[in-house]
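Heads up, the thing below is written out as structure tokens.
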Amino acid sequence: MDNLLFCQIASAGFYALLFFCDLLKKQLPTKRTVFFQLFLCAMMLDAIFSIDVILSQRYGETVMLNEAMLVVELLTQVACCVTLHLYIMAVAFKLGKNPVTMVIFGIIPVCILLTFVLLSPWLGIAYEFDQLGHMHRNIWYNVGQIILLLEFVIDLVVIWVSDIKYTARRRMLYSFMILIFILAIIFEISNSTLSALWQIGMIFFIYIFYLAQQSPDFYIDNTTGYFNRNGFLEVLYEEVQYQIPFSCLLVRVRDFTSMNQIYSAEILQKIQLEIGEIFTESSKGGIIYHIGSSTYAIMLRSRSNAEVLYYRLKDRISEIWNIDDVMVNHEYSYYELTYPEYGTDYEEIVQKIHYARSDHEAHHKAGELIHLQEGVGKDAERRQEIAHLIETAIMDNSIEIHFQPIFSFEEDSITSLEVLARLRDENRNYINPEYFIRIAEENHTIVQLGKQIFEKACIFAGKNHIFDMGIEEMSINLSPEQCRDEHLTEDLVEIASKHGIPMERIHLEITESEFEDKKAVEETLYRLKETGAKIALDDFGTGFSTLSNILSLPVDYVKIDKSLVWSFAEGKNQFLNDLMPMLKAEGKQIIAEGIENTEHIDIIKQLQGDYLQGYYYSKPLSEPEFLRFLKRFNHSEKSGAEA
Ligand code: G
Ligand code: G
Ligand code: MN
């Protein structure tokens, strides 16, 4: 067997391997994945037909047979080029290029080349035959190759310019790919033997490029194995770009609280797997995404199915779960999103998804199907207005802060307070803080706003000498989004020292964040702790965290969310019975929120909680109100105790 033949057989095997390996892996269902798999397939066929061509050239009898083989081989080569080209175009779409111009720009040159190549055996453009019927490539073959390679270079330049979101690493990859193709052109022009070798080597680099674009870490949620929000948004973006109708059912587990607070990661996973199984069975080929801590999206193939799926799920998912002999009450919210009926604009659709993910205000009854066409558009407008108000507040440094007292069992007095931001609208009415904080988080203005709130809190504490009035520390909320700001720690330290507040007096309340930025948050928390500040885990009982999750975070205090306190008081669950001793055993101090009556106080006292916060003591108060409250409360408690 000669070298050339061996080379071709080896590369056919190599492409086949790549192709099947790729099929085995979980890939985001996007166009670029499909195009790339077609490309690998075409490369494999091309190598196989090259073997045939060599064989027929060596041992073939007739010119006719040679010509037929040639046409087939050229066709597969064209298929390689077209699929690779489509793949690169799809990457460009993903980056937001207008598909129509891209198609015209991209496909027309390929079509011209296609006709050219198809006709070539008969016109003798790319190949010539000698008297023996053996073929030889001629100069036009090289010209064709060079034009194609140039086309790829142009494609890559387009991607390079379009990709504004990613920086150095991506750019390097693009430049590197361009270099690869330019080298290929040089080899082709110099007609060196390197050219053939290089053609084979190129697939390596193209595959690396492809892997970089697929980045499974970015698209897959490690805990559930489903695609995550990034993957979902990308698929969604593509559907809208290509205007492919779809129907999608969003399912949010309401108050996932109850089950996952106490239970081990294994049980939590059991529950998630169970939900996933029900989704998979019921959706019949729909693709499941885990797009928020407790929100799933099921993307269906055929558009009319979301409502049908909703009824099927409602039947299948029981409301009471029996998990290791504990009954858990379980409720769901369902949202239907149909494209293009419920909106044609990508941003608008994303707004609706945000809405479904964070519609915690419970406007809707559990188990009801909500069609995301109504009223949600108005929400987007309102969001714009609020985003604008936030920007104005930052510019004028006019965000207000209120203070809610926190009671200490040990001291039997108010020893702490939580700083809560307040923003007013055009009519001077307060905007729901959860709502505007979320908007500030989504557009990153929380970073600036958070610092202003922090500074105002420090000014308040310094000016009023609250630490001489029985207050031991001050709690300030910190958004996970702020933790991604590299300068956070040094900025907070600088602000605190500017106003003479020791960092030891400061407690930072953080809500457990979603899977994506857990690492960044964790790192920041460790850095903050080094400054002497204490960390409190806020809203415990509303998210996805498990006990082991909490224990891995550098948290000194755990704030039990009001919903958990209330449901416990109503006898709806027993979780606090197990949870509190476990937290205490781990050395965490416990603050119970939502204390509204003496029954709540007794419960937390029995469970050996450390601090209480709630309307029983006081609602959040303005500065003068709080100071008045503090004097009165701590004074009367003291005199009450002495009496
Ligand atoms: O009072 P209340 O409605 O204020 O606050 C609702 C939620 O808004 C709180 O649970 C808290 O998470 C959030 N919040 C209030 N003030 C701030 C703030 O200054 N920063 C951050 N990040 N969140 C805040
Ligand atoms: O950040 P965090 O979720 O801890 O903020 C506390 C929120 O809870 C604030 O919005 C505050 O107004 C609210 N809150 C505090 N105590 C009570 C209470 O006893 N009852 C009710 N309904 N809300 C409370
Ligand atoms: Mn808080």
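Give the calculated FRET efficiency between residue 308 and residue 25 to the nearest 0.05, with a Förster radius of 25 Å applied to their Cβ-Cβ distance. Mind dumping the intermediate values first?
Numbers: r = 31 Å, r/R0 = 1.24.
The computed FRET efficiency comes out at 0.20.
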Counting only DSSP beta bridges with both residues in the stretch 386-642, what percent are antiparallel, rounded to the nearest 5?
35
Starting from the amide H of residue 511, placed 1.01 Å from N in the peptide plane, find each other amide H under 5 Å away whose residue is 5 or more places distant or on another chain.
478, 538
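Can you flag which of 456/572; 605/631; 31/284; 498/605; 352/572; 270/605 are past 30 Å Cα-Cα?
Details: 456/572 40 Å; 605/631 24 Å; 31/284 21 Å; 498/605 39 Å; 352/572 32 Å; 270/605 33 Å.
Listed pairs above 30 Å: 456/572; 498/605; 352/572; 270/605.
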Taking N as the number of residues in the stretch 386-642, what value does Rg over Cα atoms divided by 2.2 N^0.38 Å take?
0.98
Under the √(5λ) rule applied to the eigenvalues of the Cα gyration tensor, what semi-axes describe the equivalent ellipsoid of the stretch 442-509? Give them in Å, descending.
22, 11, 10
Provide the convex hull volume over Cα atoms per residue for the stretch 416-466, in Å³.
96
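For the stretch 378-483, go through all pairs of different Cα atoms, get the mean of 1/r, take its inverse, and jot down that Kirkwood value in Å.
Values: mean 1/r = 0.0674 Å⁻¹.
One over the average 1/r among Cα pairs gives 14.8 Å for the stretch 378-483.
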List the chymotrypsin sites (Phe, Trp or Tyr not before Pro) within the stretch 598-632 that fall in a DSSP loop (any state other than H, G, I, E or B) and whose Cβ has at most 16 other Cβ atoms within 10 Å.
615, 616
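None of the figures in this text is laboratory data; all of them are computed from the coordinates on show. Treat the numbers as computed from the prediction; the structure is a model and nothing was measured. Because the Cβ atoms are built from the backbone with ideal geometry, glycine has one as well, and the counts that use them run over all protein chains shown.
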